[in-house]
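Here the structure comes first, spelled out in structure tokens, and everything after it is commentary.
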Amino acid sequence: MGATPFTLGQNQARHTHVADGTAVGFFTDPTVCIGCKACEVACKEWNQVPEDGFTWTGHSYDNSRSLGASTWRHVKFLEMNRRLGPQIAGPMSGGAGAQNPFGWLFLSDVCKHCEHAGCLEACPTGAIFRTEIDSVYVQDDVCNGCGYCVVGCPFGVIDRRPAQFEGGGGAFKCTFCYDRQIDGLTPACAKACPTESIQFGPLDELRARAEQRVADLQARGFSEARVYDPTDTSVGGIHAFFLLLGPPEELGLPPRPDVPTIHLRGAWLSVAFTSAAALVGACLAFALL
Amino acid sequence: MSLSVQPAIPRAREARLDALREEAKRTGTVAERGIAIDGAPTPREPAVGYYGLPMVKPPVWTWQIGLYFFAGGAAGMSSVLALAGLLTGQPISFVTTALTVSTAGAIVSPMLLIADLGRPRRFLHMLRVFKWRSPMSVGAWTLVAFSTCAALALIVAAGASGLGAIGLPERPLHMALFVLVPAAALSGVVLATYTGVLLGATAIPAWSAHHRLLPVHFGIVGLGSAAAIMELLGYRLAPLNAIGLAAAAVETGIGAFIELGRKGPTARALREGRPGLLLRVSGVLTGPLSFLLRLAALIPFAAASFAIGAVISRYGWIWAGRASALDPGETIASQR
């Protein structure tokens with residue numbers, strides 16, 4: 001098993017990526033996630049994100065439902081009617097387990113920091129910008145809460161915080177711990193992750209590591225292992241990518257996300273056509289009748 | 001953020017409890033779940049996506065936006081009527097009335113938009129930058145341009161008739177009108193149609209699937225509404241009636257296209273539930289009903305039918321977008 005090129009402790013090391021202008025990312029690997037939610041807690045505590053309601057969802061151990069204005073890391077708990085590769089699923093996997101296969105998978109979801117970010121394109125105030133480490137950042141002191149980024153995100157990440165919570169009215173999402181990164185620290189979630197299911201580092205290095213991990217898992221019989229990184233769609237790739245053991249839909253990830261700006265051309269052509277028709281039509285109606 | 005409501009479960013009778021105990025003793029398990037807990041351990045019937053939760057966020061816009069879509073559309077297209085009237089020698093009172101409708105809409109629209117903002121005091125941040133790739137930014141600037149032109153044109157038009165009334169030369173003001181009214185009309189058509197781009201260029205399946213149709217629909221509804229408002233204000237002109245007929249005809253076509261065109265899960269939100277009902281009702285009001293009322297020469301009723309349908313249709317589209325976003329099946333289907 002020496003093939004796994006883990007450099008344990010990289011999440012704890014200091015770095016100079018902001019000063020160097022290096023594109024960085026997250027590689028989140030659910031196969032080593034233990035569902036402890038340390039990332040959720042670390043994110044909330046470091047970024048001082050307010051509570052957004054305490055509810056029992058009935059969705060396994062997931063009670064935060066989805067990413068949103070006040071949930072920037074979200075651990076998904078997927079219960080499946082199938083085994084994952086050659087996994088040993090406890091005492092039930094022998095006799096009864098053969099008829100009643102069971103798989104449990106945890107995935108810590110986060111803002112994808114898209115190559116072509118729908119929220120950034122949509123923002124009319126310039127509150128959302130791309131940083132020198134190629135992450136997508138919302139300036140809270142600029143955002144006026146128009147809500148257009150909310151429908152611009154193909155992953156359903158960013159949301160407007162309801163007025164009753166602290167900082168309410170503005171749009172919020174993962175900051176990639178830009179403040180920590182400026183000081184050479186890793187993002188809070190990666191720092192807190194006990195199994196390095198969340199890996200932080202330079203994008204190129206992480207992509208290579210993810211491919212290696214996929215090859216490693218496939219060699220061990222996890223034939224469905226693959227990287228979720230839609231580089232072949234108009235999103236153009238994501239800077240927080242994931243390892244998957246099944247279809248992306250089952251973890252709530254869109255199968256082929258598109259950045260909404262691809263519709264601009266067709267829609268504006270339609271505007272030009274309609275505008276011309278309205279102007280000419282109205283003038284003709286008044287001239288001829 | 002409401003939890004899905006579970007259907008009420010009939011209270012177990014004593015016999016049922018006995019049967020459960022017997023079954024558990026005999027087989028070591030209970031075959032029936034009895035209670036369908038949303039996402040209970042190992043869901044037997046897998047939900048679409050991740051526990052059936054939405055993959056994209058629904059719009060957070062409040063009730064003001066539907067009304068703004070109507071007001072902005074009617075105001076923008078009213079200035080087109082003002083331009084057509086000005087160029088074809090309609091009395092100045094017609095031009096002034098059309099510009100008054102435009103200006104009224106130009107005053108109401110920003111108020112509605114500011115009220116919808118999460119942080120209304122920062123409304124001026126809309127004008128920090130201009131981003132042509134953000135329909136929201138283009139729209140904000142278009143509204144500023146339109147409001148300025150329409151209000152100035154109205155002042156000049158009113159001034160021109162005032163000068164004429166007291167026998168002073170009105171020619172310089174008339175010249176200015178021929179600059180301001182075309183500018184108002186040009187920004188007005190964009191104001192009435194960009195809202196289609198605003199909805200079309202999003203991740204909401206029901207909207208983005210119709211990104212080419214929406215500007216046409218919003219534009220034609222705006223034009224029809226502008227004509228209807230002029231008619232309701234007492235102008236009975238053949239050109240207005242012709243515009244009303246054309247708008248109703250196009251609306252009938254669009255309604256038929258939505259009804260018959262796209263099948264399958266991507267169009268579910270446009271046909272089913274409350275949004276489907278709103279879109280059908282508004283489609284009938286702006287389409288066949290107002291067309292037939294015009295043929296029967298019942299102009300005020302046709303105009304009222306169209307204007308009411310125009311308001312309803314905007315809410316229909318917004319609610320359809322919300323329903324479509326909340327349905328992960330639509331997101332998946334739109335990407336296959």
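The numbers here are math on the coordinates, done by the rules we state, and not lab data. The structure presented is a predicted model; accordingly, all values stated were derived computationally and were not measured. All Cβ positions, even for glycine, are placed from backbone atoms using ideal geometry, and neighbour counts span all protein chains on display.
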Would you mind working out the magnitude of the charge dipole of chain B relative to its Cα centre, with +1 at each Lys and Arg C-beta and -1 at each Asp and Glu C-beta, to the nearest 20 Debye?
-> 660 debye
Cα-centred dipole magnitude for segment B:60-201, charges only on beta-carbon of K, R (+1) and D, E (-1), debye, nearest 20 = 540 debye
Chain B: angle of helix B:238-260 to the longest principal axis, Cα-based, in degrees nearest 10 = 20 degrees
What's the longest piece of chain A with no exposed GluC sites (Glu not before Pro), counting a site as exposed if DSSP puts it in a loop and it has at most 14 other beta carbons within 10 Å?
-> A:52-165
Determine the dipole magnitude for the protein assembly as shown: charges of +1 sit on the beta-carbon of Lys and Arg, -1 on that of Asp and Glu, nothing else is charged, the reference point is the Cα centre, and the result goes in debye to the nearest 20.
-> 960 debye
Principal axis box of segment A:210-258, alpha-carbon based, largest edge first, Å = 33, 21, 15
Which of the trypsin sites (Lys or Arg not before Pro) found in segment B:201-306 are loop residues per DSSP with 12 or fewer other Cβ atoms within 10 Å of their Cβ?
-> B:Arg236, B:Lys263
Distance (nanometres) between label positions extended 7 Å along Cα→Cβ at A:Tyr61 and A:Val41 | 1.2 nm
Between B:Phe178 and A:Ile182, how many nm apart are label points set 7 Å from Cα along the C-beta direction?
-> 5.7 nm
Cα coordinate range in segment B:208-336, projected on the principal axes (Å, largest first) = 50, 21, 20
Among bridges DSSP assigns within chain A, what percent are antiparallel (round to 5)?
-> 90 percent
How much FRET efficiency would the formula 1/(1 + (r/R0)^6) give for B:Val281 and B:Thr148, where r is the Cβ-Cβ distance and R0 is 35 Å, rounded to 0.05?
-> 0.45
With an 8 Å cut-off on Cα pairs and a minimum separation of 6 or more residues, tell me the relative contact order of segment B:208-336 in percent.
-> 30 percent
Which of A:Leu253, A:Thr71, A:Ser197 sits closest to the plus end of the dipole of chain A, meaning its Cα is farthest towards the positive end, when Lys and Arg get +1 and Asp and Glu get -1 on the C-beta?
-> A:Leu253
Over segment A:130-271, what relative contact order in percent results from Cα pairs under 8 Å that are six or more residues apart?
-> 17 percent
Just rank A:Thr131, B:Thr62, B:Thr331, fewest to most, by other beta-carbon atoms within 10 angstrom.
-> B:Thr62, A:Thr131, B:Thr331
A:Tyr228's amide H: which non-local residues (gap 5+, or another chain) put their own amide H closer than 5 Å, with H modeled 1.01 Å from N in plane and none for Pro or chain starts?
-> A:Phe242, A:Leu243, A:Leu244
Angle between chain A longest axis and helix A:264-288 axis [Cα atoms, degrees, rounded to 10] | 20 degrees
Can you give me the pair-distance distribution of segment B:284-326, C-alpha pairs, 5 Å bins, whole percents?
-> 6, 26, 22, 14, 12, 9, 6, 4, 1
Only bridges with both residues in the protein assembly as shown count here: give the DSSP antiparallel percent, nearest 5.
-> 90 percent
Which one of B:Leu293, B:Ala333, B:Ala249 is farthest out on the positive end of the charge dipole of segment B:208-336, using unit charges on Cβ (Lys, Arg +1; Asp, Glu -1) and the Cα centre as origin?
-> B:Ala333
Within segment B:38-139, report the chymotrypsin sites (Phe, Trp or Tyr not before Pro) that DSSP leaves as loop and that have at most 13 other Cβ atoms within 10 Å.
-> B:Trp63, B:Phe130, B:Trp132
Averaging sequence separations of C-alpha pairs under 8 Å and six or more residues apart, then dividing by the length of chain A, give the relative contact order as a whole percent.
-> 26 percent
HN-Hα J in Hz across segment B:152-165 - Karplus 6.51, -1.76, 1.60, θ = phi - 60°, x for Gly and Pro | 4, 4, 5, 4, 5, 5, 5, x, 4, 5, x, 5, x, 5
Could you work out how far helix A:203-219 tilts from the main Cα principal axis of chain A, as a 0 to 90 degree angle to the nearest 10?
-> 50 degrees
Based on the alpha carbon coordinates of chain B, what radius of gyration and maximum Cα-Cα distance (Dmax) apply, in Å?
-> 26.2, 106
When the helices in chain B are scored as -39500 (n - 2.57) per DSSP H run of 4 or longer and the sum is shared across all residues, what 222 nm value do you end up with, to the nearest 500 deg cm²/dmol?
-> -23000 deg cm²/dmol
Just going by the charge dipole of the protein assembly as shown, with Lys and Arg at +1 and Asp and Glu at -1 on Cβ, which of B:Leu168, A:Gly184, B:Met126 is farthest out on the positive end?
-> B:Leu168
Considering only the other residues whose Cβ falls under 12 Å of the Cβ of B:Gly118, what net charge follows from Lys and Arg at +1 and Asp and Glu at -1?
-> +2
With a Förster distance of 30 angstrom and the Cβ-Cβ distance between B:Arg271 and A:Glu51, calculated FRET efficiency to the nearest 0.05 equals 0.20
Just tell me which aspartates and glutamates come within less than 18 Å, Cα to Cα, of B:Lys57; anything on the same chain fewer than 8 places away is out.
-> A:Asp52, A:Asp109, A:Glu121, A:Asp159, A:Glu249, A:Glu250, A:Asp258, B:Asp116, B:Asp327, B:Glu330
Compactness check, segment B:60-201: C-alpha Rg relative to the 2.2 N^0.38 Å globular estimate gives 1.12
If each K or R counts +1 and each D or E counts -1, the residues other than A:Leu105 whose Cβ falls under 10 Å of its Cβ total -1
Rounded to a whole number, the Stokes-Einstein D of the protein assembly as shown in µm²/s (Kirkwood radius over Cα pairs; 20 °C; 1.002 mPa s) is 80 µm²/s
